[in-house]
1. List the GluC sites (Glu not before Pro) in the range B:122-186 that DSSP assigns to loop (not H, G, I, E or B) and whose Cβ has at most 15 other Cβ atoms within 10 Å. Which are they?
2. Quick check on the exposure proxy: order B:His58, B:His28 from fewest to most C-beta atoms within 10 angstrom.
3. Can you compute the modelled spin-label distance between A:Arg101 and B:Ala6, with each label point 7 Å from Cα toward Cβ, in nm?
4. Neighbouring Cβ atoms within 10 Å as the yardstick, rank B:Lys129, B:Lys136 fewest first.
5. Measuring from centroid to centroid over Cα atoms, what is the spacing of the range B:32-47 and the range A:70-134 in Å?
6. For A:Leu121 and A:Val85, what does the FRET efficiency come to when R0 = 51 Å and r is the distance between their Cβ atoms, rounded to the nearest 0.05?
7. I want to check the label-to-label distance for B:Arg59 and A:Ala48. Put each point 7 Å from Cα in the C-beta direction and report it in nm to one decimal.
8. Mark the label point 7 Å from the Cα of B:Thr27 along Cα→Cβ and return the residues of the range B:64-90 whose backbone N is within less than 20 Å of it.
Amino acid sequence: MNFRDQYAGKPEGLEAQVEMRESEALDAEFEQALRNFRSSVHAWSEAAYNRPRTAAKTVRQRSWRLAAGWALGCLLVAGSVSGGVFEHHHRQELARIAAARAAEQQKQVAAQRAREEEDLLAKVDSDVSRQVPSAMEPLAQLMAEDESK
Amino acid sequence: MTGATAEEIAGRELETATQEFASIVATHRPQIFRFLLASTRDTDLAETLTQECFLKAHRNWASFRGDSSAMTWLMRIAINLQKDHWRNRRMQFWRQTQTHAVDLDEASEWLPSGESSAEQKLLAQEQVKRVWQSVKGLSERQRTVFLLRYVEEQELSEIARATGLSEGTVKAHLSRAVGRVRAEVGGKR
């Protein structure tokens, strides 16, 4: 039963007393809570203060973690940089090969064209030489007749 | 002859100062550690900040004039170190993303063995947890003042000297802090 229940139905003048006693109870509880809190912090601090020290181990672990982090970071940076360089080099190489192929093809086409032109010229040459007699032939015949005489 | 004497005097003075400082460390180290542990809820961090505090105090030991007690002077260094730590942490949040502070349940587990029954123990643990919860929600200054008053049981004038605030400001911060803690502890009955 709390104070309010205890004084229920009593004259109004008691209201203030009830509130005061409730407030006192709250204060007592609050004081107790603060005392418990203080004792708890003291107990925890004492235990932590007297614990075996593991600071060196922790520092080493942290430094290992830091070193591993740095190493991983460096590896990633090196990987991405070398990947970029490789990609760039690879593209240049492909472009060079494509250019060489194109040049080779052009050369072949040019050679083919030259061969065809040469063949055509030779054909025209032979055709023309078969149709037109030698311009010196009549003179050669006359000379042959004179010698026989 | 005079030079040798001066050297001897200097040597003796240094030895005395070293002894004095060693005794200061032995006396006040647990208290500084406790305050930093309550402020950070991180054992390793509290340990590191305590060491830094005494290192700084050792460097400036010659400039300590004894205007306040050694404890107040050390507490002031500890408060500043803690402030710097949180400021740096805010600025360089990307350096360390996870906090090593223990959670409130773990912090509330610590109780002196005086509680008689299991029920009382549980009740006390619950109260301690509520206080931790409300302390966590306080501003940095309110928390510092609250911890100095209710954990370290310092006088208002000492708190004022350690924090560099006026006594009136300390009272105002303490009143707000107590109001919040009281609401948390009393409001959830």
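Bear in mind these aren't lab numbers, they're just calculated from the coordinates by the rules spelled out. Please read these numbers as outputs of a predicted model, since none were measured by experiment. Here the Cβ is made from the backbone with ideal geometry for all residues, glycine too, and neighbour counts use every protein chain on show.
1. Of the GluC sites (Glu not before Pro), the ones in loops of the range B:122-186 whose Cβ has at most 15 other Cβ atoms within 10 Å are B:Glu153, B:Glu155.
2. Least to most surrounded, the residues fall as B:His58, B:His28.
3. With each label placed 7 Å out from Cα toward Cβ, I get 9.1 nm.
4. B:Lys136, B:Lys129
5. Cα centres, the range B:32-47 to the range A:70-134: 76 Å.
6. Calculated transfer efficiency: 0.45.
7. In this crude spin-label approximation the distance works out to 2.4 nm.
8. Of the residues in the range B:64-90, B:64-79 have backbone N under 20 Å from the label point off B:Thr27.
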